[in-house]
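This report refers to the structure that appears directly beneath it.
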Amino acid sequence: MLLIFFKKAERPQRTVTMTKQARDGILSYCKIHHPNEGILILRGKYKKGLILVDGLVIPPFSHTGPTFAGFPHTFLPLDPSYVGTVHSHPTGIAKPSVTDLHNFFGFVSIIVQSPYEDNDMFAYDRDGNLLDLTVILDEI
Ligand SMILES: [Zn+2]
C-alpha cells in the first residue's frame, strides 16, 4: 500500500517595506476622510515575497462611507506596479473584515485605524495574516 503525504506548500513569508513619504501620504489621506473610510491603491514593486510601496494612487470610481470603502476592481488597469490597497477603519481596530478579505487585491492589504498615527498601520496577506511592515526614509 502506498501512502502519499502532501506537504503543505511552503510560501515565503511576505514582508512590506514602505517609504516614509508613502506612509505620511496614507496617514494624511485617512485623516482627511475621517469619519469616512479612505482607500488608496499602493504602488511599488513585488519581488520574491518582498513588497516595496513607494507610491499611492487614488482609485477611480471609489465610493466610501463610514463602514465601507471600495472600488470596482474591473475598472482597474492591469498595472504591474499596483501591489495592493490600503484603507482606513475609522472605528474599531485595524483587523481585516470578511469583506476586506473578499476584496483583496494584489499582494498586500494595509489597514489604518483611527487616530491614524505612525503605529496605527498594519499589513495583511490574502489570508488575513499579519505581515512585517517597515518604513524607510527613501526608496531603496
Ligand atoms: Zn476594512
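The values are calculated or read from the model by the stated rules, or taken from the named source; none is laboratory data. Being a predicted model, the structure only gives us computed values, none of them experimental. No Cβ is skipped: glycine too gets one built from the backbone with ideal geometry, and neighbour counts run over all protein chains shown.
Things worth noting here:
- Members of region 82-125 found to be within 16 Å of residue 50 (Cβ to Cβ) and among the charged types (D, E, K, R), listed by number: 125
- Pairs, first among the hydrophobic types (A, V, I, L, M, F, W, C) in region 90-103, second within 8 Å of the ligand (Cβ to nearest atom), C-beta under 7 Å, six or more apart: 94/111
- Pick from region 39-66, criterion modelled with pLDDT under 65 and touching a helix residue (DSSP H, G or I) at 6+ places or on another chain (Cβ under 9 Å), ranking: nearest to the ligand (Cβ to nearest atom): 64
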